[in-house]
Amino acid sequence: MGPLNLGRYQVWPPVVLAPMAGITNVGFRRLCREQGGGIYVCEMITTRALVERNPKTLRMIAFGDDEQPRSLQLYGTDPEITAAAVRIVVERNLADHIDLNFGCPVPKVTRRGGGAALPWRRRLFARLVRAAVDAASPAGVPVTVKMRKGIDDDHLTYVEAGLAAQDAGVAAVALHGRTAAQRYSGTADWDAIASLKQALEVPVLGNGDIWEADDALRMVAHTGVDGVVIGRGCLGRPWLFADLEAAFNGRPERRLPSLGEVAVTMRRHAELLVDQFVAGARNPARGERDGCTDFRKHVAWYLKGFPVGGELRRSLAMIESLAQLDDLLGKLDPAEPFPTAALGQPRGRTNSPGKVFLPDGWLANRDDDAVPEGAELDDSGG
Ligand SMILES: Cc1cc2nc3c(=O)[nH]c(=O)nc-3n(C[C@H](O)[C@H](O)[C@H](O)COP(=O)(O)O)c2cc1C
């Protein structure tokens with residue numbers, strides 16, 4: 001297969017790090033980029049917070065000097081605010097690619113008609129995507145959408161929404177093969193991804209349940225997609241991007257790092273987060289602590305399957321400084337081999353299906369294109 005064409009960018013290997021709020025910050029993206037090629041999407045930024053120049057949001061839009069293309073995900077529900085946010089990105093040259101989030105299943109978002117609820121309102125969806133594309137295209141910035149299959153099995157939207165997004169001029173469409181009701185439960189429906197690929201002319205990206213590099217090749221073979229989007233599979237395993245690069249280049253090698261090698265990666269990850277927080281902080285000592293705090297959530301993912309005692313795990317998940325981290329990592333047995341039983345297993349969120357909360361009358365009025373009340377989140381990430 002050839003590179004992924006994303007507007008004026010050609011991406012090889014055709015791999016995208018999925019935007020993950022609270023995870024895919026500049027430090028984590030650098031850690032992943034050091035492993036292999038692809039596009040590495042920033043944490044979600046809300047359009048309202050950007051338009052209001054919220055300082056925390058502006059700090060979250062941070063890219064490495066060598067990050068190319070700089071990829072930013074926006075969340076919005078109001079076409080005008082979204083267009084204004086995209087104009088800010090373009091005029092201030094904040095990013096080279098914009099992805100629009102229509103996949104978020106959390107009740108706080110869908111209850112107000114945002115995220116995964118929005119494509120159901122097809123006219124509003126089309127208006128919103130078009131507003132973003134029209135604001136971005138004069139600068140040659142490609143816009144993509146990322147969505148789920150629909151609200152639930154009785155309210156599927158992905159083919160119609162994909163066609164509408166294509167009509168609006170997007171450079172590609174990414175589909176997570178689950179409904180909002182499924183959240184992160186069950187398995188992703190790769191047949192749905194294949195149907196979308198059949199229906200569209202623009203590149204289609206497949207997302208859901210790629211745990212190993214060979215799963216990515218399987219997804220491509222099964223669906224014909226132009227690229228793959230990797231979320232949870234890389235949590236605590238940034239070397240997955242090296243495996244993906246090898247796999248797409250037809251090479252057989254796959255990393256099985258020993259615990260010592262994992263410890264080196266953990267140290268690198270923590271150091272990059274500290275660098276990121278120091279750069280964003282007035283007080284460097286606080287930056288180190290904040291970076292270490294941000295690192296804590298990754299500890300269990302790195303150690304998954306390794307025989308490491310509960311006390312050491314708990315201490316690692318409470319670090320406040322790099323010195324403390326070094327001390328604790330020194331207690332791990334570096335020769336411990338990679339726990340192959342953990343390969344191919346789900347990691348990160350795997351919750352149960354749940355009711356999708358929607359605004360009153362949401363399902364009954366598909367063609368109502370009024371902007372839902374209060375659905376613009378004020379803060380980014382989270
Ligand atoms: C912690 C976490 C945060 C996420 N945040 C976002 C987000 O901000 N925007 C988005 O479009 N998807 C978000 N997602 C969904 C992922 O991008 C991806 O679609 C999903 O995890 C399925 O892919 P996977 O099976 O490879 O994990 C998030 C997922 C996780 C686990």
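Across segment 134-161, which residue is nearest to the ligand (Cβ to nearest atom) among those that are in a helix (DSSP H, G or I) and out of contact with any Pro (no Cβ under 9 Å at 6 or more places or on another chain)?
The residue in question is 159.
Among the residues of segment 232-282, write down those that are among the polar types (S, T, N, Q) and either farther than 29 Å from residue 323 by Cβ or in contact with a Leu (Cβ under 9 Å, 6 or more places away or on another chain) (or both).
249, 265 - these are the residues of segment 232-282 that are among the polar types (S, T, N, Q) and either farther than 29 Å from residue 323 by Cβ or in contact with a Leu (Cβ under 9 Å, 6 or more places away or on another chain) (or both).
Restricting to segment 76-125, and then to whatever is outside any helix (DSSP H, G or I) and of a type in the set (A, V, I, L, M), can you tell me which residue is farthest from residue 169 (Cα to Cα)?
Applying the filter and picking the extreme gives 106.
Do the conditions hold for residue 368, that is, is it more than 21 Å from the chain's Cα centre (by Cα), part of a loop (DSSP other than H, G, I, E, B), farther than 16 Å from residue 262 by Cα and not assigned by the TED database to the domain that holds residue 312? Break it down into steps so the answer makes sense when it comes.
Details: more than 21 Å from the chain's Cα centre (by Cα): yes; part of a loop (DSSP other than H, G, I, E, B): yes; farther than 16 Å from residue 262 by Cα: yes; not assigned by the TED database to the domain that holds residue 312: yes.
So residue 368 passes the test.
For residue 175, are the conditions met, namely being at pLDDT 95 or above and under 18 Å from the mean Cα position of the chain (by Cα)?
yes
Are any residues in segment 106-132 within 16 Å of the ligand (Cβ to nearest atom), over 22 Å from residue 69 (Cα atoms), modelled with pLDDT of 95 or more and not small (Gly, Ala, Ser), and if so, which ones?
118, 119, 125, 128
Of a type in the set (Val, Ile, Thr), in a helix (DSSP H, G or I), at pLDDT below 95 and farther than 19 Å from residue 347 by Cβ, is that true of residue 274? Before the answer, list the steps.
On the way: of a type in the set (Val, Ile, Thr): yes; in a helix (DSSP H, G or I): yes; at pLDDT below 95: no; farther than 19 Å from residue 347 by Cβ: yes.
The answer is no for residue 274.
Look through segment 299-352, keep the residues that are assigned to a helix (DSSP H, G or I) and hydroxyl-bearing (Ser, Thr, Tyr), and return whichever of them is surrounded by the most Cβ atoms within 10 Å (Cβ to Cβ).
Among residues in segment 299-352 that are assigned to a helix (DSSP H, G or I) and hydroxyl-bearing (Ser, Thr, Tyr), the one surrounded by the most Cβ atoms within 10 Å (Cβ to Cβ) is 302.
Do the conditions hold for residue 227, that is, is it of a type outside the set (A, V, I, L, M, F, W, C) and either away from the ligand (no atom under 16 Å from the Cβ) or outside the structural domain of residue 17 (by the TED database) (or both)?
When the stated conditions are applied, residue 227 does not pass them.
Kindly evaluate residue 284 against the criterion of being free of Cβ contacts under 8 Å to residues at least 12 places away in the same chain and over 24 Å from residue 214 (Cα atoms).
Details: free of Cβ contacts under 8 Å to residues at least 12 places away in the same chain: yes; over 24 Å from residue 214 (Cα atoms): yes.
Yes: the conditions hold for residue 284.
Which of the residues that make up segment 162-178 are farther than 21 Å from residue 77 by Cβ and assigned to a strand (DSSP E or B)?
172 - this is the single residue of segment 162-178 that is farther than 21 Å from residue 77 by Cβ and assigned to a strand (DSSP E or B).
Report the residue count in segment 1-48 for those that are free of Cβ contacts under 8 Å to residues at least 40 places away in the same chain and either buried (at least 19 other Cβ atoms within 10 Å of the Cβ) or in contact with a Cys (Cβ under 7 Å, 6 or more places away or on another chain) (or both).
Within segment 1-48, the first condition is being free of Cβ contacts under 8 Å to residues at least 40 places away in the same chain, and the residues that meet it are 2-3, 10, 24, 29, 40.
Right, trim to either buried (at least 19 other Cβ atoms within 10 Å of the Cβ) or in contact with a Cys (Cβ under 7 Å, 6 or more places away or on another chain) (or both) and you get 24, 29, 40.
Total satisfying the criteria: 3.
The values are calculated or read from the model by the stated rules, or taken from the named source; none is laboratory data. Everything numeric here is computed off the predicted structure, so don't read it as measured data. Reconstructed Cβ throughout: ideal geometry from the backbone, glycine too, with neighbour counts over all protein chains shown.
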